[in-house]
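In what follows, a single structure is set out as structure tokens and then discussed.
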Ligand code: UD1
């Protein structure tokens with residue numbers, strides 16, 4: 001026996017979300033709500049961690065795993081949403097070893113910080129309380145449980161909005177839905193909670209009044225109003241998202257990143273940004289993205305699950321599932337799709353689309369190209385309007401362009417095809433067969449002129 005267990009209540013119906021998706025799987029800053037709670041738990045010295053789920057347990061577990069927070073966490077179903085005390089009771093059944101203390105948290109309050117949870121646990125221990133709650137003063141406390149205090153700083157009970165008297169409704173201190181309990185006392189009382197209330201549900205909040213009636217001590221830690229915001233509707237989701245974005249931007253600015261306009265910059269909780277990077281307005285950094293030192297992103301860039309190397313520049317572009325080496329530049333108006341890899345110093349310019357394509361060191365694709373399933377060597381220049389024909393109506397084929405090749409404007413490379421080192425194409429060539437190294441391919445379909453390849457590379 002001993003230690004602290006963590007339980008997340010995530011089985012509610014979330015009716016006001018009006019959604020097919022469980023409420024706790026709605027995302028803010030690129031992470032499901034419940035994963036934000038597990039992320040806040042992560043640095044704490046918790047033993048067992050349990051998430052109480054609706055019948056969509058598999059989806060909830062899978063989303064937590066994708067977000068990287070399922071390891072060491074048990075997931076248990078509360079078959080019917082009979083209330084938060086019933087959910088907690090289910091959670092307790094899943095604890096592997098008997099803890100001394102239980103930290104319980106609603107699954108849809110993603111802004112609560114680890115430091116606050118830590119302070120709550122310390123207060124609970126220092127005061128030797130039976131229960132310790134997190135509360136905040138709200139200008140508009142509607143929909144939250146109100147904290148009824150007695151004399152001194154003890155909490156007498158929590159009254160839910162729908163069960164409150166007019167006087168109780170005027171209380172502005174609210175329950176955040178974050179509790180620390182003495183396990184032995186909780187375990188004894190949780191099964192005794194009844195559902196004699198306006199919603200006919202088993203309320204976790206009733207346990208507070210029950211503890212007080214038994215003469216136990218209940219104390220509360222007050223925190224910032226914004227931190228305890230819970231999501232009950234789509235409007236709340238947007239509000240919480242805005243607060244989360246501001247917090248993320250503040251964190252990166254304090255880490256030495258310039259964010260020109262945080263209000264129009266959307267950085268997921270999953271992104272990392274190195275010092276002295278510069279993020280311009282209307283930029284979206286999403287998923288498993290990392291931005292290198294002194295990189296410049298935006299204005300108007302959407303970067304998803306991608307790595308941008310040091311000193312890279314991306315503006316007015318969409319970059320998805322790609323890796324950009326150091327000193328690369330992309331845009332304006334480029335679309336990099338999955339599997340694009342740029343070697344150091346490579347450049348993709350205006351109206352260039354790539355997919356599953358590697359562009360070697362210092363190669364340039366400055367204008368109006370589509371490169372799909374292509375491997376492009378070093379020092380290659382791809383002229384305006386040139387494309388790879390990678391799809392023949394039946395399957396995808398690869399184009400290989402070796403080092404120091406010069407592709408003139410409007411070349412069509414019909415894959416599978418290989419263009420040898422130092423070769424060149426003439427303007428408008430349709431290349432349907434391999435081009436030997438150093439040769440020049442001209443015409444439709446292209447014919448080969450041996451030894452007349454990339455003069456520019458030879459002169460360089
Ligand atoms: C609850 C509190 C309220 C507090 C508010 C803070 C109760 C009775 N009231 O309100 O005092 O101010 O949170 O946001 O607890 N859940 C289950 N199973 C259920 C019902 C709910 O797992 O049967 C989960 C939900 O997924 C959610 C959490 O418990 O994550 C809280 O439920 P929610 O409906 O959001 O809160 P309220 O009950 O309105």
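Readers should treat all values here as calculations from the given coordinates under stated rules, not as data from a laboratory. Keep in mind that this is a model prediction, so the values were computed, not measured. A quick note on method: Cβ atoms are made from the backbone with ideal geometry, for glycine too, and the neighbour counts reach across all protein chains shown.
Just the number, please: Stokes-Einstein D of the stretch 165-237 in µm²/s, Kirkwood Rh from C-alpha pairs, 10 °C, 1.306 mPa s. Value of D from the Cα-based Kirkwood radius: 109 µm²/s. Starting from one equal scatterer on each C-alpha and no solvent at all, send me the Debye-based log10 I(q)/I(0) for the stretch 195-299 at q = 0.15, 0.19, 0.22, 0.23 Å⁻¹, two decimals. Scattering profile of the stretch 195-299, log10 relative to I(0): -0.73, -0.95, -1.16, -1.22.
Give me the one-decimal Kirkwood hydrodynamic radius in Å for the stretch 78-133, with the sum taken over alpha-carbon pairs. Please report the intermediate quantities before stating the final value.
Details: mean 1/r = 0.0764 Å⁻¹.
The Cα-based Kirkwood calculation yields 13.1 Å.
Between the alpha-carbon centres of the stretch 378-437 and the stretch 306-325 there is a gap of 24 Å. Taken over the stretch 310-460, the percentage of Cα pairs per 5 Å bin, counting from 0 up to the bin with the maximum distance, is 2, 11, 20, 26, 19, 13, 7, 2, 0. With the simple spin-label model, which puts each label point 7 Å out from Cα in the Cβ direction, the residue 392 to residue 170 separation comes to 8.3 nm. Computed extension gain for residue 338 through residue 74, at 0.36 nm per residue and net of the alpha carbon distance, reaches 91.7 nm. Convex hull volume of the Cα atoms of the stretch 352-436, normalised per residue: 69 Å³. Peptide packing: for 279-291, 251-263, the average count of neighbouring Cβ atoms within 10 Å per residue gives the ranking 279-291, 251-263, highest mean first.
By count of other Cβ within 10 Å, fewest leading, how are 190, 104 ordered?
Going from least to most buried by this count: 190, 104.
Can you give the extra length, in nm with one decimal, that the chain gains between residue 294 and residue 125 once fully stretched, where that is 0.36 nm per residue apart less the Cα-Cα distance?
On the way: separation 169, 0.36 × 169 = 60.84 nm, distance 4.54 nm.
Working it through step by step, the gained length comes to 56.3 nm.
A helix-only calculation puts the chain at -5500 deg cm²/dmol for mean residue ellipticity at 222 nm, using -39500 (n - 2.57) for each DSSP H run of at least four residues, averaged over all residues.
Listed highest first by mean packing, meaning other Cβ atoms within 10 Å per residue, what order do 415-426, 128-139 come in?
Sorting 415-426, 128-139 by mean packing, highest first, produces 415-426, 128-139.
Taking only the alpha carbons of the stretch 258-398, we obtain Rg and Dmax values of 14.5, 48 Å in that order.
Would you mind ranking 231, 330, 148 by Cβ crowding within 10 Å, fewest neighbours first?
Numbers: 231 26, 330 31, 148 18.
Least to most surrounded, the residues fall as 148, 231, 330.
Exposure proxy ranking for 403, 58, based on other Cβ atoms within 10 angstrom of each Cβ and starting from the fewest, stands as 58, 403. Once the Kirkwood radius over Cα pairs is known for the stretch 239-298, the Stokes-Einstein relation at 25 °C and 0.890 mPa s delivers a diffusion coefficient of 221 µm²/s. With the highest mean first, a sort of the peptides 341-350, 37-46 on other beta-carbon atoms found within 10 angstrom per residue produces 341-350, 37-46. The calculated pair-distance distribution of the stretch 4-228 uses every alpha carbon pair, bins of 5 angstrom beginning at 0, and gives 1, 7, 15, 20, 22, 18, 11, 4, 1, 0 percent.
Remind me, relative contact order of the chain in percent, using alpha carbon pairs under 8 angstrom and six or more residues apart?
On the way: 1270 pairs, mean separation 36.9, N = 460.
This gives 8 percent for the chain.
The length gained by stretching the chain between residue 13 and residue 434 to full extension, at 0.36 nm per residue less their Cα-Cα distance, is 145.5 nm.
When the Debye formula is applied to the Cα atoms of the chain, each taken as the same point scatterer, what base-10 log of I(q)/I(0) results at q = 0.09, 0.13 Å⁻¹? For the requested q values the scattering log ratios are -0.69, -1.05. So what is the diffusion coefficient of the stretch 50-119 in µm² per second by Stokes-Einstein at 4 °C and 1.567 mPa s, using a Kirkwood Rh over Cα pairs? Using the Kirkwood radius from Cα pairs, D works out to 98 µm²/s.
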